[in-house]
Amino acid sequence: NVSLRELAEKLNIYIGFAAINNFWSLSDAEKYMEVARREFNILTPENQMKWDTIHPERDRYNFTPAEKHVEFAEENDMIVHGHTLVWHNQLPGWITGREWTKEELLNVLEDHIKTVVSHFKGRVKIWDVVNEAVSDSGTYRESVWYKTIGPEYIEKAFRWAKEADPDAILIYNDYSIEEINAKSNFVYNMIKELKEKGVPVDGIGFQMHIDYRGLNYDSFRRNLERFAKLGLQIYITEMDVRIPLSGSEEYYLKKQAEVCAKIFDICLDNPAVKAIQFWGFTDKYSWVPGFFKGYGKALLFDENYNPKPCYYAIKEVL
Ligand code: XIL
């Protein structure tokens, strides 16, 4: 009974999951960790490297929860994908609760990026340096970073991360950029310009929070191709394929399996794709039902850690 990670390792790619907060102290921690170490070779902490956890006060960093994720990965021969250095969400009150001058906020950002990246130097192999900096209509998102600093916060963030760990793979990560559309066009042009300026962007992360209806696969394939042509590595970073929680579960699970197989098929065809990571693995612990009302069951294992049709479907493709 071969595991996903064994199959992925033969293909020289990573397959992974987002690890939930404090998974080591869940009531079913043993079961959770058993499946995680059996199936995956790359781990992303779902929340515990975000600002509000890792940098709760201006002069205090809290690395302990993130450390536990990294230790679990190291004990089980997984690599770590760090998430995330610059984002507009899950910021601590000390950032959002006041006004900053451009200079002050640049100093805060530089300190944060350099401190966090140096702390995990050599242990976090891949960093989501900038997350979700673009709006759905294809403009810069009006975040505190953009409004206070201007678009150059993005290139500065990559340069600071590079200084702190020259060997880390540095990624721009976003959602709804899987297909060719206004948002992915903007991201494409933005990264192209950054690369032309010598900014160290190594990869693009496609979050891939989608539903059972899947994607326009031709558009997805061509989109991967154009990003690969920029010289970028490609990461599927947060995949989940949600289904409606009412109606024929059997039908939706079958559709979900088809979508997963199709996406894996296209990804495996493109050598720039280095990892495919799900945003969790058991439907018991998933952000989907809380965020997409009426939807859920978006992951590879059911609430009892039994593999679902989508699990078997991607096995066939791997
Ligand atoms: C989500 C987590 O899964 C939740 O636990 C948390 O409450 C909110 O954030 N895009 C991202 C992730 O980049 O960080 C988000 O994670 C999901 C969307």
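FYI, it's all coordinate maths here, none of it is from the lab. Quantities reported herein were computed from a predicted structural model and do not represent experimental measurements. No Cβ is skipped: glycine too gets one built from the backbone with ideal geometry, and neighbour counts run over all protein chains shown.
General observations
- Any hit, segment 81-104, residues being farther than 24 Å from residue 236 by Cβ and of a type in the set (A, V, I, L, M): yes
- Tally, over segment 285-318, of residues that are surrounded by fewer than 18 Cβ atoms within 10 Å (Cβ to Cβ), assigned to a helix (DSSP H, G or I) and of a type in the set (Phe, Trp, Tyr): 2
- Residue that is surrounded by the most Cβ atoms within 10 Å (Cβ to Cβ) [pool: residues in segment 9-35 that are within 18 Å of the chain's Cα centre (by Cα) and more than 16 Å from the ligand (Cβ to nearest atom)]: 15
- Which listed residue, of 226, 213, 159, is in contact with a Pro (Cβ under 9 Å, 6 or more places away or on another chain) and either within 19 Å of residue 16 (Cβ to Cβ) or of a type in the set (Lys, Arg) (or both): 159
- Note on segment 132-155: among residues that are within 16 Å of the ligand (Cβ to nearest atom) and assigned to a loop (DSSP other than H, G, I, E, B), the one that is farthest from residue 180 (Cα to Cα) is 143.
- Within segment 272-302, the set of residues being within 22 Å of residue 11 (Cα to Cα), more than 14 Å from the ligand (Cβ to nearest atom) and of a type outside the set (A, V, I, L, M, F, W, C) comprises just one member, 274.
- The residue pairs whose first member lies in segment 42-65 and is within 17 Å of residue 80 (Cα to Cα), whose second member is among the hydroxyl-bearing types (Ser, Thr, Tyr) and assigned to a strand (DSSP E or B), and whose beta carbons are closer than 9 Å, counting only pairs six or more residues apart or on different chains, are 42/14; 44/237; 49/84; 50/84.
- Residue among 74, 110 that is away from the ligand (no atom under 16 Å from the Cβ), within 26 Å of residue 8 (Cα to Cα), among the charged types (D, E, K, R) and in contact with a Lys or Arg (Cβ under 9 Å, 6 or more places away or on another chain): 74
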